[in-house]
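Please read the structure below before turning to the comments.
The values are calculated or read from the model by the stated rules, or taken from the named source; none is laboratory data. Note that this is a predicted model, so its numbers are computed, not measured. Heads up, the Cβs are rebuilt from the backbone with ideal geometry, glycines too, and the neighbour counts pull from every protein chain shown.
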Amino acid sequence: MALAFAFVICNYELMADWRSRCQISDDVCFFRYVAEGLEKTVEEVYVWDLDKTYLDTTIDSLGQLLVTVVERAFNKKNIPGTKTLLKSLHADYSKSRGQNRFPIYFITASPPQMEERISEKFSFDGIKPFGAFYKDNLRNLTPSRFWRLRKQIGYKVQSLLQLRIRLGPAVHQVCWGDDSESDAIIYSLYSDICTRRAGTQDLRATLKSLGVTNDQVDTILMLQSQIPEQDPVEKIYINLAADTDPDYYLKFGRRTVPTYNTFQVALDLFQDGRLGLDGVYAVCQEMISAYNFTPDELARSFDELVRRHVLGEACVQKITPFLIEKGIFYADFKTTIIPAKETKIENGHVYELEGHFEPWIPERIDYLHDYR
């Protein structure tokens, strides 16, 4: 394994100099694909963690990193439904805003030597991101830095703050992650840093307790001083790749939505007006035809969101007849409980349902104790 890895590293280091095409800060490498002027003009930006959220990849060990490095672009597998979901979001965004480019950024723990190959995968999928962050993990292949292969909090928080500097003062971000890399903690911490919810000493202590190095903490605090005091995080979707109990995420507030599959994400995006009915149907079609999901599985996923009080009455009443008409649901489909009514809607986005539920964003989140 060691010899094979050394061979791969040598081959990739001899490729076109990726360093000349990106901005490097410690192990954060950013590749920008659009003009900076365009980045500042967008009002809403989509941020996707790549591994286990868009692509079915894992980078938790030397062996897994090796597989990712040598795997060709056309062999990289998507999380079921994500390719169609992104294309549908792009189409609806372009139609509603009259813009051809879709403001999406990716964050991955893959090394920057992989950027060309992953960009090929994006091209195969018809996606043109604004930019992508890569983690220079090959520089962590020394005994003193092995532990940093799996530590993502410092890297991702720093990446998000570097991205925030690039965007406009009132931007909103819709974020995607999974339950294997502390992404709910990362996005919520990023939100806290942007809004200054925690004081400098508390923030420093929290970051260090979460395994962030002193140098990374200093960089994060420096970046914080350069961004406006505004919360850019509009919604956080967490793919339950490791099958975490969704109740664990209640402590992060209703802004954070854990999902078992891409169909559930599409349903919530529809409820918030970010995705149309045709987009939801396209996701269903791909999941059934390409990934062997059954209509019964999709119906159970729909019902599970209603029981968790994620989908409200108006959304359910509008989309259920459509899915029945399209043959996704049986004609007699009904949810097992009556959906709650929406009680707070702003700019077409649903923030509260009838009843007593967790706050949208808690005043304080306990990041250091893994209670559920």
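Couple of notes before you dig in:
- Considering L189, L223, the condition of being more than 27 Å from F270 (Cα to Cα), modelled with pLDDT of 95 or more and part of a helix (DSSP H, G or I) is satisfied by L223 alone.
- Region 205-220 - residue that is of a type in the set (V, I, T) and in a loop (DSSP other than H, G, I, E, B) and, of those, surrounded by the fewest Cβ atoms within 10 Å (Cβ to Cβ): T213
- Taking the criterion of being touching a residue at least 60 places away in the same chain (Cβ under 8 Å) and closer than 21 Å to E181 by Cβ, the residues of region 84-110 that qualify are L85, Y105, I107, A109, S110.
- Within region 319-340, considering residues that are without any contact (Cβ under 8 Å) to a residue 24 or more places away in the chain and in a helix (DSSP H, G or I), the one nearest to the chain's Cα centre (by Cα): T320
- Every residue from region 13-35 that is more than 20 Å from A109 (Cβ to Cβ) and modelled with pLDDT of 85 or more: S20, V34, A35
- Filtered residues of region 315-333 (kept if in contact with a helix residue (DSSP H, G or I) (Cβ under 7 Å, 6 or more places away or on another chain) and within 24 Å of H349 (Cα to Cα)): C315, V316, I319, F322
- Pairs, first more than 17 Å from T108 (Cα to Cα) and touching a residue at least 24 places away in the same chain (Cβ under 8 Å) in region 174-193, second in a loop (DSSP other than H, G, I, E, B) and among the β-branched types (V, I, T), C-beta under 6 Å, six or more apart: S188/I365
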